[in-house]
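Data first, discussion second: the structure below is written as C-alpha cells.
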Amino acid sequence: MVETLSIAVIGAPAVGKTSIIRQFIYHDFCEAYAPTRSRYVYRPAVILNGNMYELKVLDVPPISAFPSSSSQEWLDLRCRGVRNANAYILVYDICCVESFEYVKMIRQQIMDNREGSSSEVPILVVGNKRDLQRQRFMPRRAVSVLVKKTWKCGYVECSAKFNWHVVLLFKELLGIAVARGVRQNHTSIRLQGALQRNRCTVM
C-alpha cells in the first residue's frame, strides 16, 4: 500500500510556483516566464523515512479567492481539488510585497473556508527567489517570526532557479503532514504504479 497525499501549490503570478514544482520533479528550470493559465497535476512518488508516498501536486493558477464552498470549487476548473487538499504550499516572491499580501489573504481564507478542521491542515509558506536576496522587501527573520508565531505555519525560503532548498521544502511539508496523520484522502495503489520514471526520492 502506498499513501497518496494531495498538495495544492498556490501563489500570485510570477512568483515561481511552477518552477519550484519542476525543479523538484525534473531538476529543470526555464528562464522564460510562462503564466500558469490552467490547473495542472503532477504525480511524483517520494520516499520519506523509508515510507513511500504518491504525491498529487496541484499547480494552481492565480485565483482571486480560495473557494468558499464545494459548488464554487467545481464551477471554477482552476480550483478543482483545492478545498480537499491534504496540505498547502503558499508561494511568494521575497522581492514583491504584493505577492506576500496575496499569500496572507489566501492563508486566512483557507482557515475560514476549508472543510473540516482547518487548524490541522499543514500550510507551508515559501519565499522564492532567494538568489535575489538583496532586493527583498522584508528581512527573512521578520517574515519567519510572523509566519511561524502568528500564522502558525511552516516557513522555508528557496531559489527555484538554483534548486536551493527545493527538496527541503517538500520534505518539510511532508514531515508535517505525516506527523499530523493527514491521510483522509489516501488511496491504495500498486507499488509499481508509484515507481514512475520521473519519481523523486526525498531522504
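The values are calculated or read from the model by the stated rules, or taken from the named source; none is laboratory data. If you're wondering where the values come from, they're calculated on a predicted model, not measured in any experiment. Ideal geometry is used to build each Cβ from the backbone, glycine not excepted, and the neighbour counts take in all protein chains shown. Side chains are part of the model used for accessible areas, which takes the heavy atoms of the whole protein and leaves out ligands, DNA and RNA. Shrake-Rupley method; radii C 1.70, N 1.55, O 1.52, S 1.80 Å.
Evaluate the relative contact order of the chain (contact order divided by residue number), counting alpha-carbon pairs under 8 angstrom at least 6 apart; express in whole percent. Walk me through the numbers on the way to the answer.
Values: 390 pairs, mean separation 60.9, N = 203.
Computed value for the chain: 30 percent relative contact order.
Could you state, as a whole-number percent, how many of the C-alpha pairs of the range 33-128 are farther apart than 19 Å? Each step should come with its number before you reach the end.
Numbers: 2150 of 4560 pairs.
Within the range 33-128, distances greater than 19 Å cover 47 percent of Cα pairs.
Picking from Phe170, Phe24, Phe162, which is most flexible by a Gaussian network model of the chain using Cα springs under 10 Å?
Residue with maximal mean-square fluctuation among Phe170, Phe24, Phe162: Phe162.
Once the principal axes of the Cα atoms of the range 37-76 are found, what is the range along each, listed largest first in whole angstroms?
Taking the Cα atoms of the range 37-76, the three principal extents are 38, 22, 14 Å.
Find the percent of Cα-Cα distances in the chain that exceed 27 Å, and round it to a whole number.
On the way: 5128 of 20503 pairs.
I get 25 percent for the Cα pairs in the chain exceeding 27 Å.
If packing is taken as the mean number of other Cβ atoms within 10 Å per residue, what is the order of 11-23, 34-46, 93-105, highest first? Mind showing how you got there, number by number?
Numbers: 11-23: 22.5, 34-46: 14.9, 93-105: 19.2.
Sorting 11-23, 34-46, 93-105 by mean packing, highest first, produces 11-23, 93-105, 34-46.
Quick check on the chain: helices-only [θ] at 222 nm, where DSSP H runs of length 4 and up contribute -39,500 (n - 2.57) each and the sum goes over total residues. Nearest 500, please.
Working: 6 runs with 57 residues, N = 203.
It comes out at -8000 deg cm²/dmol, rounded to the nearest 500.
Round to a whole number: what % of the accessible area of the range 79-173 belongs to carbon and sulfur, probe 1.4 Å? Can you show the working numbers first?
Working: 2140 of 4310 Å².
Its accessible area is 50 percent carbon and sulfur atoms.
Tell me the per residue accessible area of the range 40-127 using a 1.4 Å probe; a whole number in Å² is fine.
On the way: 3410 Å² over 88 residues.
With the other protein chains kept in place, the range 40-127 gives 39 Å² per residue.
What is the mean projected area of the alpha carbon convex hull for the range 1-75, to one decimal in square nanometres?
Numbers: hull surface 25.7 nm².
Spelled out: convex hull of the Cα atoms, projected over all directions, averaged, 6.4 nm².
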